[in-house]
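The values are calculated or read from the model by the stated rules, or taken from the named source; none is laboratory data. Just so it is clear, the structure is predicted and the values come from calculations on it, not from any experiment. Note that each Cβ is placed from the backbone with ideal geometry, even for glycine, and that neighbours are counted across all protein chains shown.
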Amino acid sequence: MSVDDSSSATERKSAINQRHEQTANEVLPEHRGLYIGGEWVQSASGETFETRDPTTGDTLASVQAGVAADIDRAVDAAWAAYDDVYSDYSTAERQAMLSEMADRVEAKKEAFANLESLDNGKPITEARIDISLVVDHFRYFAGVARAHEGETVETDDSRTVQTYNEPYGVVGQIIPWNFPLLMAAWKLGPALAAGNAVVIKPAEETPLSLLKLMEEVDDVVPDGVVNVVTGFGEDAGAPLSSHPDIRKLAFTGSTVVGSEVMQSAAEHITDVTLELGGKSPLIVFPDADLEKAVQTTITAIFFNTGECCCAGSRLFVHEDIEEEFLDRLADAAEELELNDPLLESTDLGPKVTEEQVENTMSYIETARESDARFLTGGDQPDDAALADGCFVTPTLINEIDHNNEAVQEEIFGPVQEVFTWSEYDEMMELANDVDYGLAAGVLTENVTNAHRAARDLEAGNIWVNTYNDFPAGQPFGGYKKSGIGRETAQEAVDHYTQTKTVNFSL
Ligand code: ADP
């Protein structure tokens with residue numbers, strides 16, 4: 001870890017605070033209300049809550065604490081917009097709307113990236129990737145809006161059978177805090193392309209970028225077609241997932257809450273798409289290009305400070321290269337700069353909240369108590385300039401039992417457990433020996449190894465010689481307890497439509 005030692009910690013801390021205050025003044029959304037029926041309104045609760053800057057600990061903004069009555073209002077507004085306006089939108093009009101949404105975000109991409117960095121703590125260089133992907137996903141789904149067609153089914157001469165892909169009407173979406181605007185775009189894109197109106201709830205930790213989006217597209221999206229209710233999970237998320245007039249629910253977050261959302265949905269037979277936790281294996285074969293493999297491993301676990309549901313958090317390195325690979329990996333991890341996320345040179349920012357730091361540190365303690373060996377990290381940085389922030393050092397843990405809680409459960413932080421392997425079948429059994437199945441990585445120069453491992457891994461997304469790459473059009477979603485359904489691809493639009501079959505007798 002290297003920070004600029006030429007100035008004192010006090011000076012650097014004060015520079016961080018000034019930079020954050022000034023950036024916040026430039027990029028915070030003007031409106032902090034709920035966005036319902038195209039209006040900025042107050043919550044029925046009469047209450048607000050604060051969203052904090054995880055780098056400085058300061059309050060960034062107060063937003064409305066939405067409750068069940070607000071969800072009711074938003075669902076009514078969405079149905080009115082669907083019935084009166086959006087159900088008449090042609091596919092060409094939906095395409096034009098989504099394209100314009102992409103253009104509006106692109107026009108302000110630096111402001112959106114800065115806002116995301118302030119609210120979530122992600123490094124600005126990574127926040128820019130998020131915003132480019134937001135633009136790309138809106139454009140992709142603008143295209144899909146025109147290409148998502150029904151079928152004519154051949155039977156015999158006695159009839160003609162056709163199918164239509166009809167929207168559900170009003171859908172509910174619940175968003176996590178790790179990629180706030182990108183996760184919203186992953187859900188809004190296909191829902192709007194399919195012709196639905198939406199009620200969407202951002203995470204309480206990071207509500208600001210979605211509010212800013214609605215400010216920017218207020219004149220693009222017809223009133224009531226997208227409604228945003230900020231608020232806590234229990235107060236606003238739960239009423240959304242149990243609402244009888246929501247016809248489809250999409251949720252990204254923890255497996256525990258995903259299961260609750262699914263149970264609520266069951267009451268009204270509401271369709272669900274769930275993108276949940278992960279504990280993804282990354283397998284290094286002895287023939288891997290070591291230099292590239294080390295860099296890919298760093299990306300796999302430390303991108304977004306490890307706050308990625310698909311993070312490559314369990315590393316399996318072949319014994320023939322173990323020593324050299326782990327030496328290089330630990331060196332590379334130690335070179336990562338943990339610093340103010342608004343600085344271009346920063347590799348890791350703070351975690352999103354103090355609660356998330358405690359959560360990560362408690363897993364680190366569990367590993368420590370089991371006598372695991374720490375190759376690097378395992379603590380909070382000893383840098384007074386970062387003392388008010390939610391920082392955790394990049395951590396690599398070795399010699400830990402695969403059944404340990406820290407290995408089996410999702411940590412959602414910059415922590416990777418490392419295992420050595422020699423026998424392929426034994427390694428693959430361990431790689432698949434978790435409840436999750438979101439993603440996996442394979443690092444090898446041998447195409448047979450790559451194909452074999454990709455086939456054997458129980459996961460929805462396999463990256464070969466790359467990791468955390470999310471181009472629009474590539475389906476994303478999990479096996480096992482990592483979820484149901486796929487996002488970011490044409491298939492996602494299927495999840496927002498219902499098939500109507502029409503059988504004409506001839
Ligand atoms: P994390 O544990 O990482 O914060 P959660 O799964 O708790 O992730 O949160 C993801 C999203 O789900 C957030 O928008 C949160 O407000 C929402 N949420 C939390 N609890 C519930 C619930 N009981 N019902 C519906 N949504 C919820």
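The table below lists the values:
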read-out: In the range 187-213, the residues that are farther than 28 Å from Asn25 by Cα and hydrophobic (A, V, I, L, M, F, W, C); value: Ala191, Leu192, Ala193, Ala194, Ala197, Val198, Val199
read-out: Complete set of residues in the range 445-477 that are of a type in the set (D, E, K, R) and in a helix (DSSP H, G or I); value: Arg452, Arg455, Asp456
read-out: Condition check for Leu249: buried (at least 21 other Cβ atoms within 10 Å of the Cβ), more than 14 Å from the chain's Cα centre (by Cα), near the ligand (Cβ under 10 Å from one of its atoms) and modelled with pLDDT of 95 or more; value: yes
read-out: Candidate set from the range 153-181 (those that are hydrophobic (A, V, I, L, M, F, W, C) and part of a loop (DSSP other than H, G, I, E, B)); member that is farthest from the ligand (Cβ to nearest atom); value: Phe179
read-out: Unmet criterion (only one of (1) surrounded by fewer than 22 Cβ atoms within 10 Å (Cβ to Cβ); (2) polar (S, T, N, Q); (3) within 27 Å of Ala184 (Cα to Cα)) for Ser241; value: (1)
read-out: Residue within the range 186-195 that is within 27 Å of Pro350 (Cα to Cα) and either within 11 Å of the ligand (Cβ to nearest atom) or not basic (Lys, Arg) (or both) present; value: yes
read-out: Failed criterion for Ser345 (all others in (1) surrounded by 15 or more Cβ atoms within 10 Å (Cβ to Cβ); (2) within 20 Å of Gln295 (Cβ to Cβ); (3) not aromatic (Phe, Trp, Tyr) hold); value: (1)
read-out: Hey, Ser117 assigned to a helix (DSSP H, G or I), of a type outside the set (A, V, I, L, M, F, W, C) and either within 14 Å of Leu208 (Cα to Cα) or outside the structural domain of Val228 (by TED's automatic domain parsing) (or both) or not; value: yes
read-out: Hey, Thr360 within 16 Å of the ligand (Cβ to nearest atom), under 23 Å from Ser482 (Cβ atoms) and among the polar types (S, T, N, Q) or not; value: yes
read-out: Some residue of the range 265-283 being at positive phi and more than 13 Å from the ligand (Cβ to nearest atom); value: yes
read-out: Filter pass, Glu426 being of a type in the set (D, E, K, R) and closer than 26 Å to Val261 by Cβ; value: no
read-out: Failed condition for Ala238, given (1) more than 30 Å from Val447 (Cα to Cα); (2) more than 10 Å from the ligand (Cβ to nearest atom); value: (2)
read-out: Residues being aliphatic (A, V, I, L, M) and either touching a His at 6+ places or on another chain (Cβ under 8 Å) or closer than 12 Å to Cys309 by Cα (or both) - total across the range 407-423; value: 1
read-out: Asp371, sole failed condition from (1) at pLDDT below 95; (2) assigned to a strand (DSSP E or B); (3) not basic (Lys, Arg); value: (2)
read-out: Lone qualifier among Thr56, Thr51 - being at pLDDT 95 or above and outside any loop (DSSP other than H, G, I, E, B); value: Thr51
read-out: Contacts under 6 angstrom Cβ, first residue in the range 148-173 being farther than 18 Å from Asp88 by Cβ, partner basic (Lys, Arg) and outside any strand (DSSP E or B), 6 or more apart; value: Gln173/Lys187
read-out: Failed item, numbered, when Gly150 is tested on (1) away from the ligand (no atom under 12 Å from the Cβ); (2) part of a helix (DSSP H, G or I); value: (2)
read-out: Residue count for the range 478-499, restricted to those that are assigned to a loop (DSSP other than H, G, I, E, B) and in contact with a His (Cβ under 6 Å, 6 or more places away or on another chain); value: 1
read-out: Residue satisfying all of: in the range 59-91; part of a strand (DSSP E or B) and in contact (Cβ under 8 Å) with a residue 24 or more places away in the chain; farthest from Ile16 (Cα to Cα) among these; value: Gln64
